[in-house]
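The values are calculated or read from the model by the stated rules, or taken from the named source; none is laboratory data. Since this is a predicted model, take the numbers as computed values, not measurements. Heads up, the Cβs are rebuilt from the backbone with ideal geometry, glycines too, and the neighbour counts pull from every protein chain shown. All accessible areas refer to the heavy atoms of the entire protein, side chains included, with ligands and DNA or RNA removed. Shrake-Rupley method; radii C 1.70, N 1.55, O 1.52, S 1.80 Å.
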Amino acid sequence: MLRVHAGIALLALAGGAWTSPAGAAELTPPIASYQISCRLDPDRKTVEGTELLTWTNRTRVTADSLQFHLYLNAFRNTLSSFWRSTGGARDPLPESWGSIEITRMSLADGTDLLPGLRYIAPDDGNPHDRTVAEVPLPRPVAPGETLHVAIDFRSRLPRVSNRSGYKGDFFFVAQWFPKVGVLEDSGWNCHQYDARTEFFSDFGNYDVTIDVPANFRGKVGATGVRVEERDAPGGRVLYRFRQESVHDFAWTADPDYRVHRDVFREPGAPEVELFLFLQPEHAGQEVRHFRAAKAGLSGYGRVLGPYPYRTLTLVDPAWGARGAGGMEYPTLITCGTSWIAPGSVQSPESVTIHEFGHQYFYGLLASNEFEEPWLDEGFNNYMQARVLASAYGPNTPALSVFGYRVSLGIPIHHPLDSNRRYFTGPTADVMAVPSFRYRDRASFALNAYNKTALTMATLERLMGTRQMDRSLRLYADRWRFRHPKTGDWIQAVQDATKQDWRWFFDRTFFSSGIVDYAVAEAKSAKARAPRGLFESGGKLTERPPPDLAPASGYDSVVTVTRQGDVPLPVEVVLRFEGGRTHRSAWDGEARWKRFRVDRGPRLIEALVDPDEKILLDVDRTNNGRRVEADPRAAARWTARSLFWMQNILDFLTVAW
Amino acid sequence: MSRRASAPACFLRGLGLSLARPYLALSLWLIQLLVASVVILPMSNTLHEQLDHSPAADRMVATPDFGWWETFRRTHPDVLGSFPELAAGLLSAEGAKRSDIQGLRGVGAVTLSLAMLAAVLHAFALGGILGALREPSASLVIFCREGMRRFPAFLAFTLAAAAGALAAYRWIYVGTGKALTARVQELDSEPQAMALTAARLLLLLLVLAAIKLLSDSVRAIWVARPDLPPVSRFFAGLAAALSRPGRLLGVLLLYASITAGLYLLWLFLDPSAGGEARFALVPLILTQQVFVFLRLLVKVGYYAGVSEALTRMPSPEYSYVPAAPPARGSAAPGTADEPLLDRPAGRI
């Protein structure tokens, strides 16, 4: 172990030793721990800080260098890989440039590492990108060895466009300090900042002191537990936050915040203190935010195990800083609401529950968001819909009328239905590819979020909720505070259900094919007496045997087809007159399957996948067919169309 | 003698005239019905093909099935194209995008074309309405005759007003939206941003109202003063609108309010919903068409109200009664579309 530098020792002393506050404790052995002391200059929009990184090599390989994320350099100029990856989709806002500079970097023995620092671009080779830096070490760090690095840095915050930055006096400070990458047995995993991607880091303990002007008093929220507030010279105030066993730290400050507090209590679960930093124009929505957070704590906790931290901080970004909204950091999430927020639309509820869900899928189950985004976003979309449905029931879509959100009043059956937007581009990409390999941002969202959620829901419906919950719990228990991969999830499913589900994942996770089953034909006609030659008494006669002679009942034919590339097992239901039904399973492998019922009751309708288990089916309108046509709905919608067409034409002509 | 009637009085008198000549609203209703019918057959065929054998049809009778419509739209992009996006764009703070018009397909594209056809027919209908309103005893024949007589001029006014309205939308609403994008983000709060959008919308509505009132005024004077040459009639129409802006705006606001009230009543009563037990198909269609007819009665009332607001002397001063042939050698001036048969109408 390298000797601690005297200056660093002083810093550590000033910050206090790594003792946990009452009730808190390290939940996992730390790999990358940080003691940071920083100062916000609201006028210059900068954060200057000193950081003591305590890094332990827990791999089986020796590290001869360190790699650091310098995320804010993504906003340095339009040559960065971040701006390039936006594809020109967004214009930089004025003053949107940000940067991070390391002004000192030394080891505990005083070795100056700064001269060796160089910027690398492991993903795209962009020589202008400065979001990853590599520093060679004077001597390799062996497995199990711990390294202390002192770093001084200066971060210039951008105008909020993506996640972090400022707007006026609102500050959301995320991805703001030099952060060490993840060393794996295969080497450093330290990706550049791409507009489509999120983050990946190791667990550790954070002790952060934030120095802000006094007008921010009481209006500073951050990851972890606030353990200290004290005045500082020059009309300033210091806040100190600590949190063990997390892998990032974000904080926010805004003199306009209205701060609310609540407590989550549920039998069998630890108490969680909730803080809400709400914008003044959203006053009155605190109850909705807290209710949603509690629904998340309860719903996710029941399936994946209790939330292990003492606090949860909810942040409502300022107007004009919505780019900071809908984002997750350990024990701190940013939500997003509107001045007019109809309750039936379930916003801010849905975003609050979603971002809270990331405390599991990202926070505790710290998968690599850069390489396997579906493990956090898609899994979380699935769980979010479950929690939202059980806590709130169906919601309604909203229409933005000149910026005012108006509920359309049409109930959506289930929050999962919002993931149906996957159907707008189901073949663009294989679902399981690294974020930066998706064709574009739209394909990233459709696959990583929507298709994954529908796939998970389909899996739940195929195996049953109980088996699904067992799989999720096993996955969560095994991989809590670690870095699971897709294979680990599949293994957890196999182990929990004692069944082989690889075929399912091969056809969904690792495929761009679509699922579409249809009832192509459903007919039912009065059975006719057989005609022709029949054996009777050893002779051929034209008279049919007595048991076949009377023409009774109906002959029905149903043809079910697989129109998509991907076969999945489905059920087929035939409904007959008199309430009789015939249900049969079909493995769905062939292109079609025909069902015949001779001399049975009259067929009313045929349905494929009647229980809507296969949520990946891209077209449910062809999943059923009635034998007899019922023109009422079409006629009524035609009448409605005519009526509204007359009104539209009148509106378009009356204006001039 | 000058008559200074208030806006409500003008509007009510206009409504009275409209009720006294229901065939005018009937003509408008027939025109709109025929134009709308063009898209109804393909729409009906598509809906029957999709729904008649669908198990979803049962629940679709009474209420819209969001999932079904969403799937239908996605699986049949040729039916509407980007029509929903265009409609949503028109209601958005940013405004409609040109690409949404380019993306129109099928029924969506035909609807836009029909709107153009409807605008042309509207020009004809306005000539008929304003002309027939000034007749002491008018009929459908007079409506058609008057409409045809003024069709070229009214079509020009309609196209000019349409161009003005589109330009106002493009340069006032969309243009200010783009110009203020960054500034809106710099505002302190969302209510301020919404207020700014409301101000942009209000400005647009005021300009649209001004364009409409100017064009309606020109039309009314065009009919009321056949004794003037066309250019004079045009400027007299503009001057008439500018001299009575409050009264005209009042008539327009009353018309807009009553129409909005009718729509609110329709949405509140919601006769389209509730399944077949509540309103069977034939009564539903009848109810819908009665509603459209009522709305058109109010619309004709508005045009009559505008005509009333611009006319000082009691009408009718102008009647399509063949006058005595002018004395040989007298050079009474005639205009291109107003033969010498027309006598001067009331003064303005």
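Of the residues A:Pro122, A:Pro115, A:Pro127, only one is closer than 24 Å to A:Thr59 by Cα, of a type outside the set (Gly, Ala, Ser) and either open to solvent by 10 Å² or more (accessible area, probe 1.4 Å) or not in a strand (DSSP E or B) (or both); which?
Criteria check complete, one pass: A:Pro122.
Hey, does segment A:177-192 have a residue that's at pLDDT 95 or above and farther than 30 Å from A:Tyr438 by Cα?
no
For B:Ala88, only one of the following conditions fails: (1) assigned to a helix (DSSP H, G or I); (2) in contact (Cβ under 8 Å) with a residue 60 or more places away in the chain; (3) under 22 Å from A:Asn647 (Cβ atoms). What is its number?
It is condition (2) that B:Ala88 fails.
Inspect all residues belonging to segment B:150-161 and state whether any of them is open to solvent by 50 Å² or more (accessible area, probe 1.4 Å) and facing chain A (nearest Cβ under 9 Å).
Yes; the residues of segment B:150-161 include at least one that is open to solvent by 50 Å² or more (accessible area, probe 1.4 Å) and facing chain A (nearest Cβ under 9 Å).
For segment B:1-25, name all the residues that are in contact with a Phe, Trp or Tyr (Cβ under 7 Å, 6 or more places away or on another chain) and either within 14 Å of chain A (Cβ to nearest Cβ) or in a loop (DSSP other than H, G, I, E, B) (or both).
Answer for segment B:1-25, where residues must be in contact with a Phe, Trp or Tyr (Cβ under 7 Å, 6 or more places away or on another chain) and either within 14 Å of chain A (Cβ to nearest Cβ) or in a loop (DSSP other than H, G, I, E, B) (or both): just B:Ala25.
Which pairs turn up if I take residues in segment A:116-145 that are small (Gly, Ala, Ser) and look for partners that are open to solvent by 60 Å² or more (accessible area, probe 1.4 Å) and not in a loop (DSSP other than H, G, I, E, B) with beta carbon separation below 8 Å, at least 6 apart in sequence or on another chain?
Going by the 8 Å Cβ cut-off, the qualifying pairs are A:Gly116/A:Pro136; A:Ala133/A:Arg118; A:Ala133/A:Tyr119.
So which of B:Leu91, B:Leu80, B:Leu47, B:Leu86 ends up being at the interface with another protein chain (Cβ under 8 Å from one of its Cβ atoms) and at pLDDT below 90?
None of the others qualify; the one that does is B:Leu91.
Regarding A:Ser298, is this residue of a type in the set (Ser, Thr, Tyr), assigned to a loop (DSSP other than H, G, I, E, B) and either out of contact with any Cys (no Cβ under 6 Å at 6 or more places or on another chain) or closer than 20 Å to A:Ala385 by Cβ (or both)?
No; evaluated as a whole, the condition is false for this residue.
Where in segment A:183-255 are there strands (runs of 3 or more DSSP E), lying wholly inside it, with at least 2 residues that are open to solvent by 30 Å² or more (accessible area, probe 1.4 Å) and without any contact (Cβ under 8 Å) to a residue 24 or more places away in the chain?
So the answer is A:225-232.
Looking at segment A:634-648, can you tell me whether even one residue there is within 30 Å of A:Val515 (Cα to Cα) and either surrounded by fewer than 17 Cβ atoms within 10 Å (Cβ to Cβ) or in contact with a helix residue (DSSP H, G or I) (Cβ under 6 Å, 6 or more places away or on another chain) (or both)?
Among the residues of segment A:634-648, at least one is within 30 Å of A:Val515 (Cα to Cα) and either surrounded by fewer than 17 Cβ atoms within 10 Å (Cβ to Cβ) or in contact with a helix residue (DSSP H, G or I) (Cβ under 6 Å, 6 or more places away or on another chain) (or both), which makes the answer yes.
Quick one: is A:Thr465 more than 14 Å from chain B (Cβ to nearest Cβ), open to solvent by 50 Å² or more (accessible area, probe 1.4 Å) and of a type in the set (Val, Ile, Thr)?
yes
Answer with yes or no whether A:Tyr404 is surrounded by fewer than 24 Cβ atoms within 10 Å (Cβ to Cβ), touching a residue at least 24 places away in the same chain (Cβ under 8 Å) and closer than 30 Å to B:Gly177 by Cα.
yes
Looking at A:Glu328, is it away from every other protein chain (no Cβ under 14 Å) and assigned to a loop (DSSP other than H, G, I, E, B)?
no
In the list A:Ala629, A:Ala590, A:Ala606, which residue meets the criterion of being aliphatic (A, V, I, L, M), within 30 Å of A:Pro530 (Cβ to Cβ), within 14 Å of another protein chain (Cβ to nearest Cβ) and part of a loop (DSSP other than H, G, I, E, B)?
Among A:Ala629, A:Ala590, A:Ala606, only A:Ala629 is aliphatic (A, V, I, L, M), within 30 Å of A:Pro530 (Cβ to Cβ), within 14 Å of another protein chain (Cβ to nearest Cβ) and part of a loop (DSSP other than H, G, I, E, B).
I'd like the residue in segment A:256-268 that is touching a residue at least 40 places away in the same chain (Cβ under 8 Å) and assigned to a strand (DSSP E or B) and, out of all such residues, is surrounded by the most Cβ atoms within 10 Å (Cβ to Cβ).
Per the criteria, the residue is A:Phe264.
Report yes if A:Pro306 is surrounded by fewer than 23 Cβ atoms within 10 Å (Cβ to Cβ), in contact with a Lys or Arg (Cβ under 8 Å, 6 or more places away or on another chain) and of a type outside the set (Ser, Thr, Tyr), otherwise no.
No, not satisfied.
A quick yes/no check of all residues on (1) under 23 Å from B:Gly16 (Cβ atoms); (2) over 15 Å from the mean Cα position of the chain (by Cα); (3) part of a helix (DSSP H, G or I):
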site	(1), (2), (3)
B:Ile211	no, no, yes
B:Ser215	no, no, yes
B:Ala220	yes, yes, yes
B:Val231	no, yes, yes
B:Leu249	yes, yes, yes
B:Leu253	yes, no, yes
